[in-house]
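S.K.: Supplied in structure tokens, the structure appears directly below.
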Amino acid sequence: MAFNATVTINEVPVTIFRKLYEIESRPLGVAILVLFAVTYASFVLTKSSPEAKVPFVGLELGSLSKRKKKYVTDANALLKEGIVAGQRFYTELCDFKDDELSFKGSISDLFATHYTGVLISDDLKELAINRDLTPGMARLTETLEDEVNYIVGKEIGSCKEWKAVIMNKATQNIIASVTARSFVGMDLCRDPDWLRISVDYWMDAFAAAKSIKFWPVFLRPIAARLMPQPARMHATRQEAQRLVVPVLKKRLDAMQNDPDYQKPDDIMQWMIDRLGDKAGTDEELHHQAHLQLALAMGAIHSTNFTLLHEMFDLAAYPEYHEPLREEYREALKSTGGILTKVTLNKLLMLDSFMKESQRYNPPGLTNGRRKTLKDLVLSNGTVIPTGSNIELPAGAVNADPSIYPHADEFDGFRFYKLRKRSEDDMNKHQFVTSSRDSLNWGYGRHACPGRFFAVDEIKVILSKILQSYDLALVDPAAGRYKNSSFETMVIPDMEKAVMFRERAV
Ligand code: HEM
């Protein structure tokens with residue numbers, strides 16, 4: 001196992017990517033270089049940096065466009081071949097400081113933030129997640145449940161007989177609403193305009209970044225002003241201002257003038273409280289609106305794909321339904337019939353099923369993207385030149401039989417059995433755990449901070465669905481819907497339906 005390095009675009013819906021790839025495949029469109037092994041664009045192009053003493057893969061394929069095509073269509077094969085350093089280096093890589101190995105730098109490249117205006121790192125956003133959202137999860141469970149009841153009822157609805165539901169459409173709406181309830185509260189979580197832009201901003205960001213990178217570096221400042229995609233991002237930010245700023249003002253006014261005002265318990269309010277007197281200035285009002293878009297961008301699609309995979313797995317493996325329902329009933333009973341954070345913590349089988357689903361269907365074959373801001377030397381002497389983009393091989397780790405015996409078998413209770421072994425194992429194999437053996441949340445100090453929220457959110461959704469419905473694939477004999485891939489992305493089939501039928505309570 002090892003880290004791998006590519007200059008690549010990740011985590012984008014395949015429809016967008018396909019469209020963009022067509023543009024990129026034209027002779028002029030060689031703006032995004034996809035190189036293999038530990039490498040980076042400027043080193044290869046200019047030879048201005050010390051040589052990375054590692055083999056390259058894919059060179060035998062010939063031209064850059066042929067290598068790009070292989071990467072786009074079969075990155076897995078290249079990644080397997082291109083592994084160059086072992087797991088022990090992950091920890092070593094984590095020890096480099098942010099000014100040596102930068103998360104922000106790589107994401108900035110990915111989204112061409114200089115031109116698209118995507119906000120990737122912000123103290124207020126980070127405080128809101130790490131200091132407010134994660135520790136607040138116990139208080140938020142009731143709110144999550146309330147919104148899940150509403151939106152699952154709306155998206156799946158009543159069905160005395162079996163009915164087919166296009167799953168991605170439903171899960172996307174479910175996640176957008178439930179997330180918005182905790183982020184922007186009742187004021188906006190059912191507002192169709194907010195839900196639309198909070199879902200679309202992510203796709204728009206990729207499209208805008210890609211359109212900019214189509215151009216040579218020296219033309220990008222001009223292209224950014226002329227291309228429609230960056231303009232669309234700007235328009236979406238304006239729309240966010242239109243929607244969010246009046247809500248902020250209403251809250252600030254109530255805080256000042258209404259002695260009975262009950263502050264909502266959501267990210268919007270925590271940000272207002274953290275900003276104190278500054279919260280109402282024009283600059284901060286606009287900043288908060290922008291932050292809400294940035295948060296939605298990080299939270300919605302990743303969680304939706306995770307839930308979608310899990311729904312497909314639940315539909316494909318009905319043998320898990322009853323044990324999971326029974327576990328929920330028992331956990332709920334133990335917390336007096338009220339769904340709390342403690343109830344969710346007792347759902348060890350569900351946690352295991354979700355983790356196995358992610359092991360089988362990771363968000364990406366690679367993860368933990370970082371950019372070197374200095375030449376870095378690993379303990380085995382490997383030099384990673386300045387400007388390299390590094391990624392960890394999450395997919396290869398997930399499929400490694402020395403880590404996961406019978407790795408090619410879906411065992412929904414794999415992690416449940418591991419957790420039952422000892423106290424230490426109980427923590428080591430939780431769904432939220434990020435480790436060298438489980439890289440799907442990233443690794444190190446930038447591992448996903450939103451995972452605690454995402455896991456609880458999905459647990460409430462799946463529990464509600466399992467209690468309320470029987471579910472199945474449209475054609476059970478055909479087996480679980482296949483994923484597709486684009487570059488290192490693993491993409492669930494967004495067109496497929498799951499069958500639902502209400503259960504007698
Ligand atoms: C199942 C859903 C999710 C998945 C699979 C996921 C996955 C990831 C991954 C792989 C990373 C990169 C970590 C690294 O490079 O080491 C990341 C970063 C991040 N995620 Fe998530 N994420 C999810 C949900 C969320 C949610 C709900 C939020 C917000 C509440 C969120 C906020 C963030 C932020 C802010 C970062 C950047 C961290 C930093 O700057 O240090 N994510 N996520």
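S.K.: Can you find a residue in segment 155-172 that is among the hydroxyl-bearing types (Ser, Thr, Tyr), in a helix (DSSP H, G or I), modelled with pLDDT of 95 or more and within 13 Å of the ligand (Cβ to nearest atom)?
M.R.: Yes: one or more hits.
S.K.: While we're looking at this one, here's another question. Quick check on my filter: what residues within segment 449-470 are near the ligand (Cβ under 9 Å from one of its atoms), touching a Phe, Trp or Tyr at 6+ places or on another chain (Cβ under 7 Å) and touching a residue at least 40 places away in the same chain (Cβ under 8 Å)? First the steps, then the outcome.
M.R.: At the first step, the residues of segment 449-470 found to be near the ligand (Cβ under 9 Å from one of its atoms) are 449-455, 457-458.
Still in the running and touching a Phe, Trp or Tyr at 6+ places or on another chain (Cβ under 7 Å): 451, 455.
If the condition is that a residue be near the ligand (Cβ under 9 Å from one of its atoms), touching a Phe, Trp or Tyr at 6+ places or on another chain (Cβ under 7 Å) and touching a residue at least 40 places away in the same chain (Cβ under 8 Å), then 455 is the only one that fits.
Yes/no per residue for (1) hydroxyl-bearing (Ser, Thr, Tyr); (2) crowded, with 19+ Cβ neighbours inside 10 Å:
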residue	(1), (2)
416	yes, yes
425	no, no
428	no, no
441	no, yes
445	no, no
456	no, yes
461	no, yes
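Each row is one residue, and each column tells you yes or no for (1) aliphatic (A, V, I, L, M); (2) under 17 Å from the mean Cα position of the chain (by Cα); (3) surrounded by fewer than 17 Cβ atoms within 10 Å (Cβ to Cβ).
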position: 268; (1), (2), (3): yes, no, no
position: 273; (1), (2), (3): no, no, yes
position: 276; (1), (2), (3): no, no, yes
position: 290; (1), (2), (3): no, no, no
position: 294; (1), (2), (3): yes, yes, no
position: 297; (1), (2), (3): yes, yes, no
position: 303; (1), (2), (3): no, yes, no
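S.K.: Go through (1) more than 16 Å from the ligand (Cβ to nearest atom); (2) modelled with pLDDT under 95; (3) crowded, with 18+ Cβ neighbours inside 10 Å and name the single condition residue 473 misses.
M.R.: Single failed check for residue 473: (2).
S.K.: Considering each of 231, 223, 205 in turn, give the residue that is under 27 Å from the mean Cα position of the chain (by Cα), of a type outside the set (Asp, Glu), over 25 Å from residue 185 (Cβ atoms) and modelled with pLDDT under 95.
M.R.: Details: 223 fails: under 27 Å from the mean Cα position of the chain (by Cα); 205 fails: over 25 Å from residue 185 (Cβ atoms).
Going through 231, 223, 205 in turn, just one is under 27 Å from the mean Cα position of the chain (by Cα), of a type outside the set (Asp, Glu), over 25 Å from residue 185 (Cβ atoms) and modelled with pLDDT under 95: 231.
S.K.: Just to verify a result, which residue in segment 131-154, among those that are more than 16 Å from the ligand (Cβ to nearest atom) and charged (D, E, K, R), is farthest from residue 299 (Cα to Cα)?
M.R.: Within segment 131-154, the match that is farthest from residue 299 (Cα to Cα) is 154.
S.K.: Another one. Tell me which of these residue 316 doesn't satisfy, since it passes every other one: (1) of a type outside the set (Lys, Arg); (2) farther than 30 Å from residue 208 by Cβ; (3) out of contact with any strand residue (DSSP E or B) (no Cβ under 8 Å at 6 or more places or on another chain).
M.R.: (3)
Results for (1) within 12 Å of the ligand (Cβ to nearest atom); (2) charged (D, E, K, R); (3) in a helix (DSSP H, G or I), shown as yes or no for each residue.
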site	(1), (2), (3)
68	no, yes, yes
71	no, no, yes
80	no, yes, yes
99	no, yes, no
110	yes, no, yes
115	no, no, yes
124	yes, no, yes
129	yes, no, yes
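S.K.: Are there any helices (runs of 4 or more DSSP H) wholly within segment 246-339 with 3 or more residues that are more than 30 Å from residue 163 (Cα to Cα), within 16 Å of the ligand (Cβ to nearest atom) and in contact (Cβ under 8 Å) with a residue 12 or more places away in the chain, and if so which?
M.R.: Values: elements: 267-275, 282-316, 321-334.
Output list reads 267-275, 282-316.
S.K.: Considering only residues that are surrounded by 23 or more Cβ atoms within 10 Å (Cβ to Cβ), among the aliphatic types (A, V, I, L, M) and in a helix (DSSP H, G or I), look in segment 345-372 and name the one that is farthest from the ligand (Cβ to nearest atom).
M.R.: 350
S.K.: Next question, about the same structure. Of all residues in segment 484-500, how many are surrounded by fewer than 19 Cβ atoms within 10 Å (Cβ to Cβ) and modelled with pLDDT under 95?
M.R.: 2
The values are calculated or read from the model by the stated rules, or taken from the named source; none is laboratory data. All values reported here derive from a predicted model rather than from experimental measurement. Ideal geometry is used to build each Cβ from the backbone, glycine not excepted, and the neighbour counts take in all protein chains shown.
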